[in-house]
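So the structure is just underneath, and the comments pick up after that.
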Amino acid sequence: MLKHTNTCQKEFSKLIDNYQGIINKVSRAYFSNSEDRKDNFQEVVYQLWVSKDNLRDKSKIASWIYRVAINTSIVRLKKNSKIVYKENIFEKDMAYQDYEENNKEDRIEQLYAAINKLNEVERAIIILYLDEKSYSEISEICGISKSNVGIKIMRSKNKLKQLLKNI
């Protein structure tokens with residue numbers, strides 16, 4: 001029995017290593033503070049561990065991880081409604097030291113700041129869209145119809161454009 005548990009833990013650890021990018025991406029979209037992102041990462045990993053036996057279709061691991069990460073982030077965000085986006089002034093000052101190198105990172109930070117201002121469902125859809133998921137996958141992960149996915153993507157993109165203009 002102990003061998004089976006050890007093997008299961010190793011497989012789960014490998015799974016997290018392989019898919020940690022998804023968890024980090026979702027955490028970054030919902031939480032601007034690095035400590036909050038780290039806490040959320042740990043909570044997502046815990047929720048994945050608890051629900052690992054519910055994964056029936058091994059070919060849809062990424063979709064399952066997205067679903068758990070998004071739902072966990074939303075629940076955590078609602079619990080900790082005191083978490084708000086705060087711009088790090090020092091990061092902005094440092095960007096001018098080496099404009100070429102930091103310009104891309106600056107744009108990424110601006111994008112995530114704008115994504116952070118979308119509502120929870122819009123954030124989930126935009127994250128999945130930016131990760132080039134199909135409408136079918138987005139529909140399955142978010143629990144909405146495929147036709148509604150297209151509408152929500154269009155509306156979310158328009159909101160993002162407006163938010164980015166104001167940054």
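The values are calculated or read from the model by the stated rules, or taken from the named source; none is laboratory data. Not measured: the values here are computed from a predicted model. When we count neighbours, we look across all protein chains shown, and the Cβ atoms used for this are built from the backbone with ideal geometry, even at glycine.
Restrict the check to the range 16-31 and report whether at least one residue is more than 24 Å from Asn119 (Cβ to Cβ) and β-branched (Val, Ile, Thr). Within the range 16-31, one or more residues are more than 24 Å from Asn119 (Cβ to Cβ) and β-branched (Val, Ile, Thr). Set side by side, the residues Lys157, Lys152 differ, and just one is modelled with pLDDT of 90 or more, of a type in the set (D, E, K, R), surrounded by 17 or more Cβ atoms within 10 Å (Cβ to Cβ) and farther than 22 Å from Gly21 by Cα, which is Lys152. A single entry from Ala124, Ala114 fulfils the requirement of being at pLDDT 90 or above and either closer than 23 Å to Asn18 by Cα or in a loop (DSSP other than H, G, I, E, B) (or both): Ala124. Output yes when any residue across the range 25-39 is over 19 Å from Glu109 (Cα atoms), part of a helix (DSSP H, G or I) and modelled with pLDDT of 90 or more, and no when none is. Within the range 25-39 (the criterion being over 19 Å from Glu109 (Cα atoms), part of a helix (DSSP H, G or I) and modelled with pLDDT of 90 or more), the answer is yes, since at least one residue qualifies.
Residue-wise test of (1) β-branched (Val, Ile, Thr); (2) touching a residue at least 60 places away in the same chain (Cβ under 8 Å); (3) assigned by TED's automatic domain parsing to the domain that holds Lys25.
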{"residue": "Tyr129", "(1), (2), (3)": "no, no, no"}
{"residue": "Glu140", "(1), (2), (3)": "no, yes, no"}
{"residue": "Lys146", "(1), (2), (3)": "no, no, no"}
{"residue": "Ile151", "(1), (2), (3)": "yes, no, no"}
{"residue": "Leu160", "(1), (2), (3)": "no, no, no"}
{"residue": "Lys165", "(1), (2), (3)": "no, no, no"}
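Please work out which residue is nearest to the chain's Cα centre (by Cα), limiting yourself to the range 47-62 and to residues that are surrounded by 12 or more Cβ atoms within 10 Å (Cβ to Cβ) and assigned to a helix (DSSP H, G or I). Checking each candidate, the answer is Ala62.
Across the range 1-51, the number of residues qualifying as touching an Asp or Glu at 6+ places or on another chain (Cβ under 8 Å) and of a type in the set (Lys, Arg) comes to 1.
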